[in-house]
Structure formats: structure tokens, C-alpha cells
Amino acid sequence: MVTLAGTQNDLKSLVAALIKLEYNALEAYDETVKRLEYPDFSRQVAEFREDHYQHLDALKNIGDPLGADVEGPGPKSILTEGKIKIADMIGDDKAILTAMKTNEYETVMAYENALRKDFLTMELRAVCEKGLSDERRHRDWMDRAAKEGQRAA
């Protein structure tokens, strides 16, 4: 799936898209945490979910004064959550983490796209850099965990 988040051409729209992206990510994380069977995986994913809460808070602090008041996930959350639910129905923790990893690729791409914008404030740039760093870490762990199973925990 390709994300449009991070491709917006004005500050307000960009921040709103990133806020919606984080809400969508949180929905997917909630589904993942409750569906993983291996406790160490569940704990690690729950820790990653906390990063998303931090990203969301930081983005909302920037977006609120701009009027970028997004109050929940968008329709895309059906897709991000749906991947997790389907993976759970047809597979195991590896399948769930593989599905979740594809969501992480999208958040990485969104933050990379955003960081290419020349109109970012210093504050938003810092939030996007932190988000990108966290998302790469999440994606890499999920990739490893999906491949190695319980040894990756």
C-alpha cells in the first residue's frame, strides 16, 4: 500500500495527514497487541505503541494552533487494522508481525516524505526526525521478529 501522508504541500495539511497516520497506526497497534500470542512480542509492540502516542501528542501540539484538528483515524485504518485481523485468521505471530511491518513501511515513507518539505518549522522537523527514527526501529524489529520468531524477542 502506498501512503499519501507526507506529500502535502502546506503545513496545516501535512500536520493533519501525519496526525491521521498516527491515529491509524495506533488502531493497528491495538489490534496487534491483543492478537499476539507470545508475551515478549506483545510487550515489545506495546512499547512501540507508546512511541506513537508520543508522536501523536507532539504533532497535535503543532497542529492545534494551525487548526489541524484531527480527532481520530481515517478510513485507511480499516486497511491497516484489516491486515492484522486477516493475518491473525490465517497465521500466527509471524504473520501478524509481517502484516504490521507493512504498516511500518508506510509510516517510514510518510516521515521521509515530510522531511523533504522545505516549509517545515524547526519544531515539526524535529518531530518528524524522531518519528522517522522510531519507525525505522519498529520496522526493523518487526522484520527480524517475523523472520526469527521468538529468538528475536
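The values are calculated or read from the model by the stated rules, or taken from the named source; none is laboratory data. Being a predicted model, the structure only gives us computed values, none of them experimental. Every residue, glycine as well, gets a Cβ built from its backbone with ideal geometry; the counts of neighbours run over all protein chains shown.
Take the range 62-73 and flag every residue that is part of a helix (DSSP H, G or I) and surrounded by fewer than 17 Cβ atoms within 10 Å (Cβ to Cβ). Walk me through it before giving the result.
Step one: list which residues in the range 62-73 are part of a helix (DSSP H, G or I), which gives 62-66.
Asp64, Pro65, Leu66, listed by residue number.
Considering only residues that are of a type in the set (Val, Ile, Thr) and crowded, with 18+ Cβ neighbours inside 10 Å, look in the range 78-97 and name the one that is modelled with the lowest pLDDT. Lay out the reasoning, then the answer.
So in the range 78-97, the residues of a type in the set (Val, Ile, Thr) come out as 78, 80, 84, 86, 90, 96.
Still in the running and crowded, with 18+ Cβ neighbours inside 10 Å: 80, 84, 96.
Values: Thr80: 50, Ile84: 53, Ile96: 83.
Filtering first and then ranking leaves Thr80.
Every residue in the range 4-22 that is surrounded by fewer than 19 Cβ atoms within 10 Å (Cβ to Cβ) and farther than 17 Å from Arg125 by Cα, please. Before you say what the answer is, go through the steps one by one.
Restricting attention to the range 4-22, the residues satisfying the condition of being surrounded by fewer than 19 Cβ atoms within 10 Å (Cβ to Cβ) are 4, 7-13.
Correct list: Leu4 only.
Residues in the range 2-24: is at least one at pLDDT 85 or above, in a helix (DSSP H, G or I) and touching a His at 6+ places or on another chain (Cβ under 7 Å)?
Step one: filter the range 2-24 for residues at pLDDT 85 or above, giving 5-24.
Within this subset, residues satisfying the condition of being in a helix (DSSP H, G or I) are 11-24.
Now drop any that are not touching a His at 6+ places or on another chain (Cβ under 7 Å), which leaves 22.
Yes: one or more hits.
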Given the condition in contact with a Phe, Trp or Tyr (Cβ under 6 Å, 6 or more places away or on another chain) and either of a type in the set (A, V, I, L, M) or at pLDDT 90 or above (or both), answer yes or no: does some residue in the range 104-116 qualify?
no
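Evaluate the range 126-133: report whether one residue or more is modelled with pLDDT of 90 or more, over 18 Å from the mean Cα position of the chain (by Cα), under 20 Å from Val15 (Cβ atoms) and charged (D, E, K, R). Explain how you work it out, then say what you get.
Let us first name the residues in the range 126-133 that are modelled with pLDDT of 90 or more, namely 126-133.
Imposing the further condition that a residue be over 18 Å from the mean Cα position of the chain (by Cα) reduces the set to none.
Checked the range 126-133: no residue is modelled with pLDDT of 90 or more, over 18 Å from the mean Cα position of the chain (by Cα), under 20 Å from Val15 (Cβ atoms) and charged (D, E, K, R).
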Residues (over 25 Å from Glu123 (Cβ atoms) and surrounded by 17 or more Cβ atoms within 10 Å (Cβ to Cβ)) located in the range 43-61
Gln44, Val45
